[in-house]
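Visitor: My structure is below; once you've seen it, I'll send some questions.
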Amino acid sequence: MSILCYLALRVFTQASSVESAIHDANLMYEHLCAHIESRHAEDYLQRSLMAGFLLRCLQKAEYFGRRKSEGVNPTAVELQVGSALLGLLQVLQYNAHEVFETKITEEHHFEGSKVVYVGTAIYATGAYFNHECWPSVARYFVGKKLVLTTIKPHQPNEVIAENYGPIFTKTNLKERQRSLRGRYLFDCKCMACQENWPTIQKIDKQVRFRCPTANCPNVLKFPKDISKEVRCARCRKNVSLKASVAKMIQIEELYRKAAEDMHNQNVPEAIEQFKEGIEMFFEIAVLPHKDTIIAQHSLIKCLADGGTTFK
């Protein structure tokens, strides 16, 4: 019995009435992803058995009132609850969030800090966020509240994605795809997967610059000689990357100052400098870039410091 089964049960035990719990559970099943088209008969059988067991737990606990007999046939209301439990067991697998707090030491908020998982919850808005193997948001919790804050600038209509578990910095493409397919039934097509980004240890520090020509989507390698122009294969113009390289030096300095502020536990200052450097980076370059990924990871830690922490 997984924690998700307990969560399905709590949808009913924490509700103000049986009717409101049935309503909420059915709404979740209707609006959240359940991957109905990908499920097999064995999967339905296992979840049906668990839904029956959870219903029996509610009966034994006199959730529906004192039973007049120990007959196995459910009443009309009990049958509705059993059906709603089955729906929850299908959607919670793909939509629930693990709730965590951050344990910090007496000496430092970041050095030696550790994430501690305290439960699982379902969030009506958070459940709609799709996955990327390098998320564009930081996720943390203030008590029971889920907070999602962007860690990069976004263009209008661009997907804002969070992460369901495997991250490219730690897990290679094959392992990530296997994990996501097995647990969430989809093949990830995020940029980290499409371009097969290397793990953090294997990323070199070379920058891939955006072509400075307006509206040109091409990406250019770091020039061997920054004093010379390079030919863009997309817009077919000779362009100079001098300004981009100069800005990259400013960005690296911002990352350095932010890391120093983070070490000194000047968290608001660190957040502002990380954000400024990251925003400048995305104006002139694209991921993967080792220092920017480290900066984003550090920004996530700084933002989480504003969530629930304990010593």
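The values are calculated or read from the model by the stated rules, or taken from the named source; none is laboratory data. Everything numeric in this text was worked out from a predicted model, so none of it was measured. No Cβ is skipped: glycine too gets one built from the backbone with ideal geometry, and neighbour counts run over all protein chains shown. The protein model used for the area step is the full one, side chains on, heavy atoms only, and it has no ligands, DNA or RNA in it. Shrake-Rupley method; radii C 1.70, N 1.55, O 1.52, S 1.80 Å.
Visitor: Pick from LYS311, LYS275, LYS290: which is under 24 Å from VAL115 (Cβ atoms), at pLDDT below 95, out of contact with any His (no Cβ under 8 Å at 6 or more places or on another chain) and not small (Gly, Ala, Ser)? Steps first, answer last, please.
Guide: Numbers: LYS275 fails: at pLDDT below 95; LYS290 fails: at pLDDT below 95.
Testing whether each residue is under 24 Å from VAL115 (Cβ atoms), at pLDDT below 95, out of contact with any His (no Cβ under 8 Å at 6 or more places or on another chain) and not small (Gly, Ala, Ser) leaves just LYS311.
Visitor: So, in region 84-117, exactly how many residues are in a helix (DSSP H, G or I), open to solvent by less than 40 Å² (accessible area, probe 1.4 Å) and among the aliphatic types (A, V, I, L, M)?
Guide: Within region 84-117, residues that are in a helix (DSSP H, G or I), open to solvent by less than 40 Å² (accessible area, probe 1.4 Å) and among the aliphatic types (A, V, I, L, M) number 6.
Visitor: Among what's in region 18-42 and is open to solvent by less than 40 Å² (accessible area, probe 1.4 Å) and of a type outside the set (A, V, I, L, M, F, W, C), pick the residue that is farthest from the chain's Cα centre (by Cα).
Guide: That would be SER20.
Visitor: Just one of the numbered conditions (1) within 23 Å of ALA192 (Cα to Cα); (2) free of Cβ contacts under 8 Å to residues at least 40 places away in the same chain; (3) open to solvent by 20 Å² or more (accessible area, probe 1.4 Å); (4) in a helix (DSSP H, G or I) is not true of ARG234; which one?
Guide: (4)
Visitor: Report, by residue number, each residue of region 188-219 that is without any contact (Cβ under 8 Å) to a residue 60 or more places away in the chain, buried (at least 18 other Cβ atoms within 10 Å of the Cβ) and either under 22 Å from GLN296 (Cβ atoms) or of a type outside the set (A, V, I, L, M, F, W, C) (or both).
Guide: Scanning region 188-219 gives CYS188, CYS190.
For every residue, the table says whether it meets (1) open to solvent by 20 Å² or more (accessible area, probe 1.4 Å); (2) touching a Gly at 6+ places or on another chain (Cβ under 8 Å); (3) part of a helix (DSSP H, G or I).
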{"position": "PRO268", "(1), (2), (3)": "yes, no, yes"}
{"position": "GLU279", "(1), (2), (3)": "yes, no, yes"}
{"position": "PHE282", "(1), (2), (3)": "yes, no, yes"}
{"position": "LEU299", "(1), (2), (3)": "no, no, yes"}
{"position": "LEU303", "(1), (2), (3)": "yes, no, yes"}
{"position": "GLY307", "(1), (2), (3)": "no, no, no"}
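Visitor: What is the residue count in region 154-164 for residues that are over 16 Å from the mean Cα position of the chain (by Cα) and assigned to a strand (DSSP E or B)?
Guide: Number satisfying all stated conditions: 0.
Visitor: Only one of (1) of a type in the set (A, V, I, L, M, F, W, C); (2) closer than 24 Å to ASN130 by Cα; (3) modelled with pLDDT under 95 is not met by PHE64, so which one is it?
Guide: Here PHE64 meets the rest and fails (2).
Visitor: Out of everything in region 125-153 that is part of a loop (DSSP other than H, G, I, E, B) and in contact (Cβ under 8 Å) with a residue 60 or more places away in the chain, what residue ends up being farthest from CYS188 (Cα to Cα)?
Guide: Checked region 125-153; the qualifying residue farthest from CYS188 (Cα to Cα) is GLY143.
Visitor: I'm checking my understanding of the structure. Among residues of region 150-171 that are exposed (fewer than 15 other Cβ atoms within 10 Å of the Cβ) and not hydrophobic (A, V, I, L, M, F, W, C), which one is nearest to GLU101 (Cα to Cα)?
Guide: First pass over region 150-171, keeping only residues exposed (fewer than 15 other Cβ atoms within 10 Å of the Cβ): 153-160, 165, 170.
Next, from what is left, pick out any that are not hydrophobic (A, V, I, L, M, F, W, C): 153-158, 165, 170.
Working: PRO153: 26, HIS154: 28, GLN155: 31, PRO156: 32, ASN157: 32, GLU158: 30, GLY165: 17, LYS170: 22 Å.
The extreme case among them is GLY165.
Visitor: When you look at THR125, is it in contact with a Phe, Trp or Tyr (Cβ under 8 Å, 6 or more places away or on another chain) and open to solvent by 70 Å² or more (accessible area, probe 1.4 Å), yes or no? Working first, answer last.
Guide: Numbers: in contact with a Phe, Trp or Tyr (Cβ under 8 Å, 6 or more places away or on another chain): no; open to solvent by 70 Å² or more (accessible area, probe 1.4 Å): yes.
Here the answer is no, as THR125 does not meet what is asked.
Visitor: For region 237-251, which residues satisfy the criterion of being charged (D, E, K, R) and assigned to a loop (DSSP other than H, G, I, E, B)?
Guide: Taking region 237-251 as the starting set, the residues that turn out to be charged (D, E, K, R) are 237, 242, 247.
Within region 237-251, LYS237 is the sole residue that qualifies.
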